[in-house]
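Everything on this sheet refers to the single structure shown next.
The values are calculated or read from the model by the stated rules, or taken from the named source; none is laboratory data. Computed from a predicted model, the values in this text were never measured in an experiment. Note: ideal-geometry Cβ built from the backbone for every residue, glycine included; neighbour counts use all protein chains shown.
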Amino acid sequence: MPSEELILVHTGVNTDIALSCADELLTKKSASKLAVREDVQHIHISNSSVLHESYEFGEVLGQGSFGRVICVNDKTNKSWAMKIIPKTLIQSKISAIRQEIQILKVVRHPHIILLHKVLESYNRIYLVLEKCTGELGKLFRKTKLFSETDTKIIITQLANVVDYLHKNDIVHRDLKLENILLAPNPEDSNDPLYIKVTDFGLGIIRGGYHEMLHDRCGTLTYLSPEIITKSTYSHQCDVWAMGVIMYLLLYGRYPFYAPVEQKLIKLICEVDPEFSHPTASDAAIHLISKMLTKDTALRITAAEIKEHAWIVGSPLSARKHENVLEMMKMWRSDMMLPQGNDCDWVSGKLVGEQFKSEEIEKDTQSPIRPSLPQSKDVDRKRSLKLPIHNIEFDRMKGKKKQEPAVERTDIEKDNDEFTKGI
């Protein structure tokens, strides 16, 4: 009987690889800030054959560098998405999976993917997740442009998620369209835009060493300037990614793009996005500008986004006057003096105003920059050809780290062998 073979483990991620110091910090922080959900079981199994006694396996929902996602039905005929990860992955990817499990074990939010159960054998890790019905990225590619009304629905939900994460010291660090799924709305079956944020492999719980973040990771087109150029950054990198998502939905292209990586980095760090959408309201443009502010001290927070005029539906003029906190931020910016390479963004801009204005003028004449509205479709196609894979930078150099290559054939053979068994 399955009940005799399964051993329930409710804490930690018990694999054949020892926990690193970062994992131990994460576990301690999880216990102190958010309690581990008691309804998430971590079950160790002898082999994959035990799974067939509890689940009926169906179609393959997707496949990535981490493994396959298969639709399964439990004994009550409820559908789940089972993510199957072989332990033949390199250490950094196994650590990312372990980190994702730790975060999903403690979070509970209607717009965050639900982790139902973790099963683990000697060779594989199985994550049983709630099954969603679609992906925002695919819907975007099909729709091309979202209306401002639909964009507001998505950004409102996303702001609630990010605010919840940040209040619990969790930073996602990889928010993008591909990591936002669509699910049935339990209160409105006709709602097609009920989102679920997923993929917390790059997520982290701040605390101790991680109070200010150091790792260069994420997807380049969504990366904030401080991740690219500074030695440390904060949770505000998630707000920048939200700004990129909102701009992408409304304009159909990335706010910053170039075919060459170094050129793209220059645009992200030095150039403001263009707003040429004929139907975008002043309030929508104001919010995007606040989210894509290069100085993190002046960038709007997730909690403030929820109260923005565009979100709540009030006239922008009624909320134009800065509150005391915003006035203090502006005062801080005005009083900041340049301090070499580590100077504040605003101060750095003042120091190099002439140089940057000349560079920006050159960029404006370059065919790489977004063209005028009449060639918007061409711009969008070029913009969407940008790579969406995750990259990691060397500290202070802005160059990508070379991660040890893994023979995909081993993973594919491992997955194929498991699939044949199904």
Is there a residue in region 28-45 that is part of a loop (DSSP other than H, G, I, E, B) and either more than 30 Å from Gln157 (Cβ to Cβ) or modelled with pLDDT of 95 or more (or both)?
yes
Selected residue (only one of Pro225, Pro259 is in contact with a Cys (Cβ under 6 Å, 6 or more places away or on another chain) and either under 22 Å from Asn179 (Cα atoms) or surrounded by fewer than 22 Cβ atoms within 10 Å (Cβ to Cβ) (or both))
Pro225
Ser48 passes all but one of (1) more than 16 Å from Cys132 (Cβ to Cβ); (2) of a type outside the set (A, V, I, L, M); (3) surrounded by fewer than 16 Cβ atoms within 10 Å (Cβ to Cβ); which number fails?
(3)
Name the residue that is farthest from Phe256 (Cα to Cα), counting only residues in region 296-306 that are under 18 Å from the mean Cα position of the chain (by Cα) and part of a helix (DSSP H, G or I).
Ala303
Just one of (1) surrounded by fewer than 20 Cβ atoms within 10 Å (Cβ to Cβ); (2) part of a loop (DSSP other than H, G, I, E, B) trips up Val106, so point out which.
(1)
For the list (1) at pLDDT below 90; (2) more than 19 Å from Lys176 (Cα to Cα), I need the number of the one condition that Ser121 fails.
(1)
Scanning region 274-295 for residues that are in a loop (DSSP other than H, G, I, E, B) and either surrounded by 20 or more Cβ atoms within 10 Å (Cβ to Cβ) or not assigned by TED's automatic domain parsing to the domain that holds Tyr233 (or both) gives Leu292, Thr293, Lys294
So which residues in region 63-86 are part of a loop (DSSP other than H, G, I, E, B) and surrounded by 17 or more Cβ atoms within 10 Å (Cβ to Cβ)?
Phe66
Criterion (on the phi < 0 side of the Ramachandran plot, at pLDDT 95 or above and buried (at least 20 other Cβ atoms within 10 Å of the Cβ)) met by exactly one of Val161, Val171:
Val161
Of the conditions (1) farther than 22 Å from Val69 by Cβ; (2) surrounded by fewer than 24 Cβ atoms within 10 Å (Cβ to Cβ); (3) modelled with pLDDT of 95 or more, Ala183 fails just one. Which one is it?
(1)
